[in-house]
Every structure is written in C-alpha cells, then in structure tokens.
Amino acid sequence: MRWIMHVDMDAFFASVEQMDHPEYQGKPLIVCGLSSRGVVSTCSYEARKYGVHSAMSTVKAQQLCPQGIFIPGRHQRYEEVSSEIMAIFHEFSPCVEPLSIDEAFLDLSGMEKLVGNVESLGAKVKARIKKDVGLTASVGLAPNKFLAKLASDLDKPDGCVIIHQKEAAAFIAPLPVGKIFGVGARTQEGLKRLGITTIGQLATADSAYLQPVLGNNTEELRQLALGLDTRPVINDWEQKSIGKENTFMVDLHTEEERHKALWDLCQQVGWRVRLGKKVGHTVTLKVKYNDFKSITRSITTEVPISLDEDIFAFIRQLAGAVKWSRPVRLLGVSLSKIAPEGEILLDLDDNTKKKKRIDAIDALKKKFGENIIHRG
C-alpha cells in the first residue's frame, strides 16, 4: 500500500529562536527584516493571534502587534537545525524529498514488514524530532503527496493527521477550495462566482463549467479535489536555485547605485553557490520598481559557473537590456540549473587565476562569516 508522509516544522525560524533564547518563549516573536521595507519571514503562534503572518511588511506587523519582539533572521543557524531534521527523516525512509528548509515528503510505501504499523510512524517521527532537536512538527500521513501535505496543515501546531484512501474524498470535501495548492485568491474568487467554495463542490462540478476559471488546470485540480495524485516522491532532491534579493531602504535612481548593488548581490550568490560545492547554468535578474511592478530576465550559459565575476558578467548583460525608467525598490540575483561542482571547467588560465583569488576570499568568509569582506 502507498503511504506518503509530509512533515512540516511549526513556525520554524521563530521556534529555533525561542529554543535558543528561552526569554522569547510564550511571547509574540517576529523574525523579519528590520528596515522600513522589511518583510516578515515567520512569526511565533503568539504573534499570529494578532494577525501577523509571513510575507507581511514589518511596518504592518508592528502596527498589528506593537508589543511584539522583532529580530533579524539567522539563516546559517536555521540551516544547521534543518540538517539535523533532514538526517532524522532519512532514518525513517530511504526516499526523502525536501520541499524547503523546514518541510519534506517521506515515502513509506511497502515498509510494513520493516516497521509493522506504518500509521504509527507519524507520532514516532514527531517524538524523535522533539527529543533530538527540541522542536515540534506537524505531520500528515496519506496515500499521496497532495493529501499528505494538506493533512499536515489541518492540526497545526504539533498535529498528526492520517487520511485513508477510501475516506479521502469525503474527508476533504467540506474543506475550502483554497486548501488545494495552486488555488489562490483570484481563482477562489472566480470559483465563488460559479457557486463553488468547497473541495467537494469542485470535485463534482462539470469540467466545461470550470474551464473558464481553471483553464488548462481544470482536470488536474478536479483530480486533486477527488483526493487523487500520482506524483512520486523524488529522492535525492537538489536545490533548484540559489539566490539573493535586497529591498532597499531608499530607492535606487542611478546606474552607479544599481551597479554597486548588483555586484554585492553577485558576490553573495557566488559565495553561497561555492559553499554548497555547486555550479549553475542559468543566471536570473529580478527588478522590482517603486510602483511594485516586477520583471525578471534570464540567460543560460554555455558552461557552468560559480565565480562572482562570471555571474556579474551575465547580470550586466541582462541589466543592459532593461529599461530603467523608474526608481528601483528591489534587486535580486539567482543562479539555477544547479549541478555538482565537478562540472565546472577550470582548464582556462584566466578562470584558474580567478578561482585561486576567490578561494582566498572564500576561506576568510568561511572562517569569519559572509560579511567579513567585500570586493570593490
């Protein structure tokens, strides 16, 4: 029988901070950017009672919860804790697909002979994380990925929900259509105009009736509404992209300002790529103007890259094709189509010299932190 588990850590960043700092426990804690243009990464459940949530502006969060504790994130610490959690997952299943730093799918299919009652593994995984790491997680156990992920969100925090295939359609039928991943606010509004607000109503609606709202996704979403999902758990998941964005306290107006900001971002992305012993093939530039409109531009290289100068060379090429007609609020740089470091070509003299020079800088960053040195 097919069994998929989805494990989602509860308010992960905030929970790590509360674990490391007992004085934060039981208090409304918001992990966010501290500038006037900062954004909430996550917040404790105490803060959520005031309406604070992820992706909300820090200014708005301060208005809703003025008594909250606002702190910047410590991503290196979160990655350390994430590594511990992922290691635990691999002890329970040989097939693990991380979705992000704090959640993953585990394929438990066919493990009855090894563990006996597969349904008992949800509680065991939760107990192991609590014992070894000190944090709580919410677990969903179901016959497929869609149901497992949906189940893990139904009883947060510290929940464990099991959905059997024979009861799946009836179990999810009363839930709002927004519980289906990919059905956002706009789609919900469109479905509401058709009189459809629950998953059960979506499951029984005629495809032709849904087509004007759901378009090419009609059949896929109807299958999910019936509790059906054939997607496999993909083992040995690789990070799809490595990037960095910066929202500026003051809008950028000049080419010199943009040039400096992009060069800083390329250094940060390059460092993170090399730290993971990776290279990438596609460079992407993201621009958000002061009116909040965004554009992205990408270019794929003939050979894989990881050096700051190489990333910046392509970013400059992309930037040269952008119409800088408005002040800039945000810039982002990312490298995707990630591959192991062994793919990089180092037989060119110029590339070898650059690599030796940057190795010395990387050694300083690894010892003293990412911000210890920046090149002009």
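The values are calculated or read from the model by the stated rules, or taken from the named source; none is laboratory data. It should be emphasised that the depicted structure is a prediction, and the values quoted were computed from it without experimental measurement. Please note: Cβ atoms are built from the backbone with ideal geometry, for glycine as well, and neighbour counts cover all protein chains shown.
Check off (1) over 30 Å from H164 (Cα atoms); (2) touching a Phe, Trp or Tyr at 6+ places or on another chain (Cβ under 7 Å); (3) buried (at least 19 other Cβ atoms within 10 Å of the Cβ); (4) modelled with pLDDT under 95 for I69 and give me the number that stays unchecked.
Failing condition for I69: (4).
Considering every residue within segment 163-186, establish whether at least one is touching a helix residue (DSSP H, G or I) at 6+ places or on another chain (Cβ under 9 Å), closer than 20 Å to S15 by Cα and buried (at least 16 other Cβ atoms within 10 Å of the Cβ).
no
Checking the structure you have, find out if any residue of segment 242-263 is in contact (Cβ under 8 Å) with a residue 24 or more places away in the chain, part of a loop (DSSP other than H, G, I, E, B) and under 27 Å from L34 (Cβ atoms).
For segment 242-263, residues in contact (Cβ under 8 Å) with a residue 24 or more places away in the chain, part of a loop (DSSP other than H, G, I, E, B) and under 27 Å from L34 (Cβ atoms): present.
Being within 18 Å of the chain's Cα centre (by Cα) and exposed (fewer than 14 other Cβ atoms within 10 Å of the Cβ) is the filter here, so list the residues in segment 54-66 that pass it.
A55 - this is the single residue of segment 54-66 that is within 18 Å of the chain's Cα centre (by Cα) and exposed (fewer than 14 other Cβ atoms within 10 Å of the Cβ).
Going by the conditions given, is I4 at pLDDT 95 or above and more than 28 Å from F292 (Cα to Cα)?
It is true that I4 is at pLDDT 95 or above and more than 28 Å from F292 (Cα to Cα).
Could you look through segment 75-102, keep only residues that are modelled with pLDDT under 90 and part of a helix (DSSP H, G or I), and pick out the one that is nearest to V40 (Cα to Cα)?
H75
Which condition number in (1) free of Cβ contacts under 8 Å to residues at least 40 places away in the same chain; (2) surrounded by 17 or more Cβ atoms within 10 Å (Cβ to Cβ); (3) not hydrophobic (A, V, I, L, M, F, W, C) is the one that E189 fails?
For E189, the exception is condition (2).
Would you please name the residue that is surrounded by the most Cβ atoms within 10 Å (Cβ to Cβ), looking only at residues in segment 78-129 that are of a type in the set (K, R) and more than 17 Å from D10 (Cβ to Cβ)? Give the steps one after another, and end with the answer.
So in segment 78-129, the residues of a type in the set (K, R) come out as 113, 124, 126, 128.
Narrowing the set further to residues that are more than 17 Å from D10 (Cβ to Cβ) leaves 113, 124.
Working: K113: 6, K124: 12.
The selected residue is K124.
How many of the residues making up segment 146-162 are touching a residue at least 60 places away in the same chain (Cβ under 8 Å) and more than 24 Å from F13 (Cα to Cα)?
Of the residues in that region, 2 qualify.
Please determine whether any residue of segment 58-75 is hydroxyl-bearing (S, T, Y) and in contact with a Ser or Thr (Cβ under 9 Å, 6 or more places away or on another chain).
Within segment 58-75 (the criterion being hydroxyl-bearing (S, T, Y) and in contact with a Ser or Thr (Cβ under 9 Å, 6 or more places away or on another chain)), the answer is yes, since at least one residue qualifies.
Quickly run through segment 51-66 and pick out the residues that are modelled with pLDDT of 95 or more and among the β-branched types (V, I, T).
Across segment 51-66, the qualifying residue is only V52.
For segment 125-166, how many residues meet the condition of being of a type in the set (D, E, K, R), more than 23 Å from the chain's Cα centre (by Cα) and at pLDDT 95 or above?
Of the residues in that region, 3 qualify.
Check whether at least one residue in segment 34-47 is of a type in the set (K, R), in a loop (DSSP other than H, G, I, E, B) and touching a strand residue (DSSP E or B) at 6+ places or on another chain (Cβ under 8 Å), and report yes or no.
For segment 34-47, residues of a type in the set (K, R), in a loop (DSSP other than H, G, I, E, B) and touching a strand residue (DSSP E or B) at 6+ places or on another chain (Cβ under 8 Å): present.
If I filter segment 33-52 down to residues being out of contact with any Cys (no Cβ under 7 Å at 6 or more places or on another chain) and more than 14 Å from S15 (Cα to Cα), which single residue comes out as surrounded by the most Cβ atoms within 10 Å (Cβ to Cβ)?
Looking at residues that are out of contact with any Cys (no Cβ under 7 Å at 6 or more places or on another chain) and more than 14 Å from S15 (Cα to Cα), I get G33.
Within segment 219-276, can you find the residues that are among the small types (G, A, S) and either surrounded by fewer than 19 Cβ atoms within 10 Å (Cβ to Cβ) or more than 22 Å from the chain's Cα centre (by Cα) (or both)?
A225, G227, S241, G243, A261, G276
C32 passes all but one of (1) in contact with a Lys or Arg (Cβ under 9 Å, 6 or more places away or on another chain); (2) touching a residue at least 40 places away in the same chain (Cβ under 8 Å); which number fails?
All conditions pass for C32, except number (1).
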